[in-house]
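The values are calculated or read from the model by the stated rules, or taken from the named source; none is laboratory data. Everything quoted here is computed from the prediction, not taken from an experiment. Cβ: placed from backbone, ideal geometry, glycine included. Neighbour counts: every protein chain shown.
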Amino acid sequence: MFDIKWIRNNAEAFDAAMLRRKGDFATAADLLNIDDRRRDIIVRLNDAQEKRNAMSKQIGQAKAQKDEAKASELMAEVARLKDIIPVAEADERLVEQELHVALSVLPNLVFDDVPQGNDESDNVEYFGRNGTEETVANVRASKPEFSFAPKEHFEIGEANDGMDFEVATKISGSRFVVLKGQIARLERALGQFMLDLHTTEHGYTEVQPPLLVRDEALFGTNQLPKFEEDLFFAGHGDGRLALIPTAEVPLTNLVRESILSEEELPLRFSALTPCFRSEAGSAGRDTRGMLRQHQFNKVEMVSITLPNASFDEHERMLGCAEAVLKKLGLHYRVMDLCTGDIGFGAKRTYDLEVWLPGQDTYREISSVSICGDFQARRMNTQYRPGGGEKLKGGLPFVHTLNGSGTAVGRCLIAVLENYQQEDGSVLIPDVLKSYMGGLTSIGGRS
């Protein structure tokens with residue numbers, strides 16, 4: 001969400017930044033035209049209110065002087081102004097709503113050094129702030145080697161009676177799955193492992209948030225109004241609620257409409273929740289298996305920081321997500337998303353893509369984004385700087401960041417495909433064995 005005053009003072013820079021984004025967006029001139037109409041209405045309204053107040057005093061003076069003709073003339077003019085003012089106030093509300101809608105559909109401005117591109121093919125591999133391909137190779141697991149043709153996760157799951165897509169379709173339709181037995185336990189183990197890692201080693205506070213949220217919360221984290229078709233709703237009209245598409249929504253909105261103190265920042269929250277997405281626009285994509293589901297579990301990380309700390313927090317959060325894959329011994333890469341692939345609310349996004357040998361390709365398993373003050377403005381979340389100094393223009397806004405740490409279902413896919421054995425069994429990564437009751441493998445031929 002943008003401040004129209006900033007756009008007025010930085011019109012050329014705003015237009016140049018929007019041109020980098022993929023899409024057709026309003027120009028500064030378009031927005032300032034709406035704001036100029038709003039300003040004109042405010043001037044007329046203020047003028048009418050001042051005249052009414054001044055004339056009201058004059059009526060009293062005329063009556064005191066027993067000048068009934070003058071008093072009647074003034075009263076007629078005050079009555080006319082009283083009729084004009086509500087109309088002007090209604091016009092002001094309409095044009096303010098028009099400006100609000102125009103601003104709310106604009107994406108965040110990306111950093112200047114975000115790669116320029118049209119789609120995911122233009123993303124650039126990222127090796128860390130000071131890293132190289134050689135340095136990251138020393139800390140990441142290598143691609144596994146197989147003496148047999150590796151299978152895809154759904155082949156492994158179905159062969160071990162641990163994934164049932166047919167029954168799920170009968171119950172709920174396409175893009176659902178029923179997990180059973182040891183594979184269901186493995187999925188649960190992955191989520192618990194990730195949440196324990198982030199809360200005990202990475203400093204995140206565990207939260208169990210609501211899974212149903214109001215429109216205001218979705219607006220705060222920029223799911224509304226642009227992505228309404230991706231949501232599942234319950235209820236109707238003003239009482240409707242949406243199933244969360246990601247725990248980013250309730251976790252970030254924990255600080256909505258708040259004034260935080262500088263001393264309490266950063267705030268870091270993590271949650272393991274189901275997520276629900278309609279997958280609008282993805283017809284025909286990833287129809288086999290669990291890669292693109294209407295319901296899936298995910299561990300989310302959210303950070304609320306001071307503006308001057310958000311860049312470092314972004315790198316830190318990336319490291320937290322990477323730690324999950326490193327401890328699981330999964331090969332992955334990190335991509336710096338280009339301007340044509342980056343999300344609506346992000347200034348920069350790193351995608352972690354895990355290697356899936358069954359597909360012989362990398363697939364996204366986590367996105368880690370820095371949003372600057374974009375969401376904070378939509379939520380009206382500010383902070384009070386230390387020292388108590390007064391600031392011109394009001395209190396500053398916090399910065400928000402979010403990242404999946406990671407998508408549990410996709411991590412299950414990665415474990416099944418990377419740890420599969422020729423007999424159909426799947427080895428359990430060492431860090432998960434305690435969560436699996438000491439099992440070293442699951443499935444396979446008896």
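For the structure I just gave you, tell me whether Val114 is assigned by TED's automatic domain parsing to the domain that holds Leu330 and either under 18 Å from Leu291 (Cβ atoms) or part of a loop (DSSP other than H, G, I, E, B) (or both). Spelling it out, it is not the case that Val114 is assigned by TED's automatic domain parsing to the domain that holds Leu330 and either under 18 Å from Leu291 (Cβ atoms) or part of a loop (DSSP other than H, G, I, E, B) (or both).
In region 115-151, the qualifying residues are those that are out of contact with any Cys (no Cβ under 9 Å at 6 or more places or on another chain) and β-branched (Val, Ile, Thr), and the one that is surrounded by the most Cβ atoms within 10 Å (Cβ to Cβ) is Val136. Listed here are the strands (runs of 3 or more DSSP E) enclosed by region 340-385 that have at least 2 residues being among the charged types (D, E, K, R) and within 22 Å of Val136 (Cα to Cα): 348-356, 361-370.
Looking across region 117-149 at every residue that is among the small types (Gly, Ala, Ser) and part of a helix (DSSP H, G or I), the one that is nearest to Gly424 (Cα to Cα) is identified as Ala137. Looking at region 264-275, can you tell me whether even one residue there is hydroxyl-bearing (Ser, Thr, Tyr), modelled with pLDDT under 95, assigned by TED's automatic domain parsing to the domain that holds Val408 and within 25 Å of Leu179 (Cβ to Cβ)? No, region 264-275 contains no residue that is hydroxyl-bearing (Ser, Thr, Tyr), modelled with pLDDT under 95, assigned by TED's automatic domain parsing to the domain that holds Val408 and within 25 Å of Leu179 (Cβ to Cβ). Among the residues of region 148-155, is any more than 20 Å from Arg363 (Cβ to Cβ) and modelled with pLDDT of 95 or more? Checked region 148-155: at least one residue is more than 20 Å from Arg363 (Cβ to Cβ) and modelled with pLDDT of 95 or more. Working carefully through the options Arg292, Arg288, find the one that is at pLDDT below 95 and touching an Asp or Glu at 6+ places or on another chain (Cβ under 7 Å). That would be Arg292, the only listed residue that is at pLDDT below 95 and touching an Asp or Glu at 6+ places or on another chain (Cβ under 7 Å). Residues in region 342-362 that are surrounded by fewer than 16 Cβ atoms within 10 Å (Cβ to Cβ) and charged (D, E, K, R): Asp360 only. Can you name every residue in region 103-114 that is of a type outside the set (Val, Ile, Thr) and surrounded by fewer than 18 Cβ atoms within 10 Å (Cβ to Cβ)? Ser104, Phe111, Asp112, Asp113, listed by residue number.
Just one residue in the set Ala217, Ala242 is of a type in the set (A, V, I, L, M), modelled with pLDDT of 95 or more and under 24 Å from Ser310 (Cα atoms); that residue is Ala217. Residues in region 224-247: is at least one assigned to a helix (DSSP H, G or I) and under 28 Å from Leu328 (Cα atoms)? Taking every residue of region 224-247 in turn, none turns out to be assigned to a helix (DSSP H, G or I) and under 28 Å from Leu328 (Cα atoms). Please verify whether region 154-167 includes one or more residues that are surrounded by 11 or more Cβ atoms within 10 Å (Cβ to Cβ), under 30 Å from Gly319 (Cα atoms) and of a type in the set (A, V, I, L, M). So far as region 154-167 goes, no, none of its residues is surrounded by 11 or more Cβ atoms within 10 Å (Cβ to Cβ), under 30 Å from Gly319 (Cα atoms) and of a type in the set (A, V, I, L, M). Given the condition among the hydrophobic types (A, V, I, L, M, F, W, C) and surrounded by 15 or more Cβ atoms within 10 Å (Cβ to Cβ), answer yes or no: does some residue in region 280-288 qualify? No, every residue in region 280-288 fails to be among the hydrophobic types (A, V, I, L, M, F, W, C) and surrounded by 15 or more Cβ atoms within 10 Å (Cβ to Cβ). The set of residues from region 314-339 being part of a loop (DSSP other than H, G, I, E, B) and touching a Phe, Trp or Tyr at 6+ places or on another chain (Cβ under 6 Å) comprises just one member, His331. Taken over region 396-442, the criterion of being part of a strand (DSSP E or B) and surrounded by fewer than 24 Cβ atoms within 10 Å (Cβ to Cβ) is satisfied by Phe397, Ser425, Leu427, Ser441, Ile442. Residue pairs whose Cβ atoms lie under 6 Å apart, separated by 6 or more positions or on different chains, with the first residue in region 151-174 and over 16 Å from His294 (Cβ atoms) and the second part of a helix (DSSP H, G or I), are His153/Ile413; His153/Leu416; His153/Glu417; Ile156/Leu416; Gly157/Ile183; Gly162/Gly181; Gly162/Ile183. Scanning region 112-148 for residues that are touching a residue at least 60 places away in the same chain (Cβ under 8 Å) and more than 30 Å from Leu330 (Cα to Cα) yields a count of 0.
Set side by side, the residues Val354, Val368, Val334 differ, and just one is among the β-branched types (Val, Ile, Thr), within 18 Å of His153 (Cβ to Cβ), assigned by TED's automatic domain parsing to the domain that holds Glu133 and in contact (Cβ under 8 Å) with a residue 12 or more places away in the chain, which is Val354. Taking every residue in region 310-322 that is closer than 11 Å to Gly403 by Cα and pairing it with any residue that is assigned to a helix (DSSP H, G or I) and of a type outside the set (Asp, Glu), at least 6 positions away or on another chain, the pairs with Cβ-Cβ distances below 9 Å are Cys320/Leu197; Cys320/His198. Residue-level check: of (1) buried (at least 21 other Cβ atoms within 10 Å of the Cβ); (2) at pLDDT below 95, Gly372 misses just (2).
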